[in-house]
Amino acid sequence: MDHSNQDREPVTTILKTCRIIGVVLVIAAIVYIIWPGDFDSKGIVGYVDDFMIFMAAFTFAHGSFQRPERRYIRRQLYMLSSLFALLGLCWIIMLAFIQ
């Protein structure tokens, strides 16, 4: 079945902006992972914040690159990104107070 004749929704300016922000966030997350001033000296527990921050950026970027017709999937990926960001922030705060 050929679906190439179906009209697709145009990509809005907001979605284009979200795509640019998503790419910048993924690059920033990779920089955070390799940054030496991180909390990685605390063993395996120190790498959890790297995972959370990267997954927050990745799921946001992945949601931004969904087709405009997939609003429900995009909304779920944005919520998952928010959850990862919140958990990562809590984990960073926890690591800052562990000696």
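Looking only at segment 72-97, which residues are farther than 19 Å from Tyr32 by Cβ, at pLDDT 90 or above and not aliphatic (A, V, I, L, M)?
Listed by number, the residues that qualify are Tyr72, Arg74, Arg75, Gln76, Tyr78.
Does segment 16-39 hold any residues that are open to solvent by 50 Å² or more (accessible area, probe 1.4 Å) and within 16 Å of Leu86 (Cα to Cα), and which are they?
Leu25
So which residues in segment 62-88 are more than 24 Å from Asp7 (Cα to Cα) and surrounded by 19 or more Cβ atoms within 10 Å (Cβ to Cβ)?
Once the filter is applied, which keeps residues that are more than 24 Å from Asp7 (Cα to Cα) and surrounded by 19 or more Cβ atoms within 10 Å (Cβ to Cβ), segment 62-88 yields Leu77, Ser81, Phe84, Gly88.
Among the residues of segment 43-83, which ones are closer than 23 Å to Phe97 by Cβ and either among the β-branched types (Val, Ile, Thr) or in contact with a Pro (Cβ under 7 Å, 6 or more places away or on another chain) (or both)?
Residues satisfying the conditions are Ile44, Val45, Val48, Ile53.
Looking at (1) of a type outside the set (Phe, Trp, Tyr); (2) open to solvent by 40 Å² or more (accessible area, probe 1.4 Å); (3) on the phi > 0 side of the Ramachandran plot, find the lone condition where Lys42 falls short.
(3)
Name the pairs: first residue in segment 49-64 and within 17 Å of Trp35 (Cβ to Cβ) and free of Cβ contacts under 8 Å to residues at least 24 places away in the same chain, second residue part of a helix (DSSP H, G or I) and charged (D, E, K, R), Cβ to Cβ under 9 Å, at least 6 apart or on different chains?
Asp50/Asp40
The values are calculated or read from the model by the stated rules, or taken from the named source; none is laboratory data. Values in this document were obtained by computation on a predicted structure and should not be read as measured data. Every residue, glycine among them, receives a Cβ derived from its backbone with ideal geometry; neighbour counts consider all protein chains shown. Quick note on the areas: whole protein, heavy atoms, side chains included, nothing else; ligands and nucleic acids left out. Shrake-Rupley method; radii C 1.70, N 1.55, O 1.52, S 1.80 Å.
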